[in-house]
């Protein structure tokens, strides 16, 4: 177990060895160099940019991260404007589905919060076919999209409650009628956690049944989990590290734990819309957020960057981290959610 009491700055890709393990189980993921990658128009910095287009960005990323990124990109490219639609993953999916029913996707770029959501869009031929040149690790990108941020699912406990040392502790008597979980049908990070637990033979979908049998309840989003634990409504819960540290830094009396066998890493990919294949501005934005400059803005805004060498938010020195097998999950999302909903409801 790693607690938040001894955090340090930790570049995400110093975990490169762990990410390498993931490569062995990602046969669907091809490196960008094997796909349609090409250099986007140079923008920002000392070089003048001639991009002058308005593009539409759909994302589930928090305002605290996305607004600084948009501002920095537009400052570097005065002729470019980004119209933003931001919503939780469930609402983002509804927006995309509505676009499709109405004649076509209205976004030029989508920045999602998990690979499963993005893969669904690619399977519908809505996205993909181009990725920027980038130093982001091969394990975090495909020929259709590139990871630009990472979420970690961790545990939080209330003041006066003994923090869990492992995920399995949450099913024990000490946490009876006191655990709260986010809805994987609503939040991408919760979907990633569901994917990991379902695959691990020590947990399986039975883990959620054990939580439910122990009196656990479901709320919509990780922020709801964090707030409920901070207010003492619940003893402990499953949330993401960004939400937990933001609350703790604001004075919430919570303990943050990276439980054994590890916090669950979920990377957030970004992709070009198929109908935006000729948009220099859309390509320039993707190039920017996958670059060292853009990754630095993402990290300074409080999100964990995907690029090696860019320091992000704190991770405890002894933290263990685990990864879902995204390739294996690609065809299981609907079944997993159906199994989950049999336990906790829709």
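Bear in mind these aren't lab numbers, they're just calculated from the coordinates by the rules spelled out. Note that the coordinates shown come from a computational prediction; the quantities given were computed from them, not determined experimentally. Quick reminder, even Gly has a Cβ in these numbers, built from the backbone with ideal geometry, and neighbours come from all protein chains shown.
Specify the residue with the greatest mean-square fluctuation among 128, 228, 160, computed from a Gaussian network of the chain linking alpha-carbon atoms under 10 Å apart.
Result for the chain, Cα springs under 10 Å: 160 fluctuates most.
When the Debye formula is applied to the Cα atoms of the stretch 48-127, each taken as the same point scatterer, what base-10 log of I(q)/I(0) results at q = 0.15, 0.17, 0.18, 0.20 Å⁻¹?
-0.57, -0.71, -0.78, -0.92
Among 102, 303, 168, 252, which comes first, second and so on when ranked by fewest other beta-carbon atoms within 10 Å?
Ranked by crowding around the Cβ, least crowded first: 102, 168, 252, 303.
In square nanometres and to one decimal, what's the mean projected area of the convex hull around the Cα atoms of the chain?
About 16.2 nm², averaged over all directions.
Taking 0.36 nm per intervening residue step and subtracting the Cα-Cα distance, what contour gain separates residue 53 from residue 176 on full extension?
38.8 nm
Relative to 2.2 N^0.38 Å, what does the C-alpha radius of gyration of the stretch 222-287 come to as a ratio? Two decimals please.
1.67
Sort 150, 161 so the one with the fewest other Cβ atoms within 10 Å of its own Cβ comes first.
161, 150
Can you give me the angle between helix 63-76 and the longest principal axis of the chain, using Cα atoms only, in degrees from 0 to 90, rounded to the nearest 10?
20
With N set to the number of residues, divide the alpha-carbon radius of gyration of the stretch 48-202 by 2.2 N^0.38 Å and report two decimals.
1.27
Kindly identify the stretch 266-333 as rounded, prolate or oblate by the Cα gyration tensor criterion: order the square roots of the eigenvalues as a ≥ b ≥ c, call it rounded if a/c is under 1.5, otherwise compare a/b with b/c, prolate if a/b is larger, else oblate.
It comes out oblate by the Cα gyration axes.
How far, in degrees from 0 to 90, does helix 333-344 lean away from the longest principal axis of the Cα atoms of the chain, to the nearest 10?
Once rounded, one gets 30 degrees.
Among bridges DSSP assigns within the stretch 145-256, what percent are antiparallel (round to 5)?
Expressed as a percentage, antiparallel bridges in the stretch 145-256 total about 60.
Quick one: grab Rg to one decimal and Dmax as a whole number for the stretch 153-248, Cα atoms only, in Å.
My reading of the Cα-based Rg and Dmax gives 12.0, 34 Å.
Distances over 23 Å make up what percent of all Cα-Cα pairs in the stretch 182-295?
Percentage above 23 Å: 45.
Counting only DSSP beta bridges with both residues in the chain, tell me the antiparallel percent, nearest 5.
Close to 60 percent.
Volume per residue, Å³, of the convex hull around the alpha-carbon atoms of the stretch 97-158?
Once divided by residue count, the hull of the stretch 97-158 is 128 Å³.
At a 10 Å Cβ-Cβ cut-off, how would you order 266, 321, fewest neighbours first?
321, 266
With labels modelled as points extended 7 Å from the Cα through the Cβ direction, what inter-label distance (nm, one decimal) is found for residue 342 paired with residue 327?
2.8
Could you give the angle, 0 to 90 degrees to the nearest 10, between helix 89-101's Cα long axis and the longest principal axis of the Cα atoms of the chain?
40
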